Amino acid sequence: MDMENTITALAALAQPTRLTAFRLLVRAEPEGIAAGDLARRLDVPQNTLSSHLSTLAQAGLVRGERQSRSIIYRPDLTRMREAVLFLLADCCDGNPQVCAPVRDTLAQLCRPGGEACCE
C-alpha cells in the first residue's frame, strides 16, 4: 500500500461511528453483519450508516454482498493489514527488538480466545 491509500484508509476510520462499525465487522468475520443489524447495533439511522459504509467501502476497508433482501458487510482485512504494515514498515530501522512489543501484542490478540482474529 502507498501513502495516499493509507491516508484514505486512516481518514475513513477517523470518525467514531465508522471506527466502531469497522471494529464490529472485524469481530463478526467471516459471517459479516447485515446493514440493518449493524445500524441497530450502532443506534444510527440506516441512511446515516449507509453514508458511513460508503466511506469505508471507498477506502477499501469494507465490502458489501447482497444476500436476498439484505446487504451483508464484511471488513477487508487484507486492506487493513496493508495499511498497518505500511505504518510499521520502517519502525525497527534495522533494530527488530524495537518492533517486538507490537509483534508480540498482535500475536497474542490473534490466538484463539484473543480479542481479535488477524488471519
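Each reported figure results from applying straightforward, stated rules to the coordinates on display, with no laboratory input. Treat the numbers as computed from the prediction; the structure is a model and nothing was measured. Positions of Cβ are backbone-derived with ideal geometry, glycine not excepted, and every protein chain shown enters the neighbour counts.
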- [ ] Starting from the coordinates of the alpha-carbon atoms of the stretch 3-78, obtain the Kirkwood hydrodynamic radius over all distinct pairs and give the value in Å to one decimal.
- [x] 12.2
Open item on the list: Could you check the spin-label model distance between Ala107 and Leu87? Points 7 Å from the Cα along Cα→Cβ, value in nm.
Closed with: 2.1
Open item on the list: Helix 77-88 against the longest principal axis of the chain: what's the angle in degrees, Cα atoms only, rounded to the nearest 10?
Closed with: 40
Task: the stretch 48-92 - Kirkwood radius from inverse mean 1/r over Cα pairs (Å) - done: 11.8
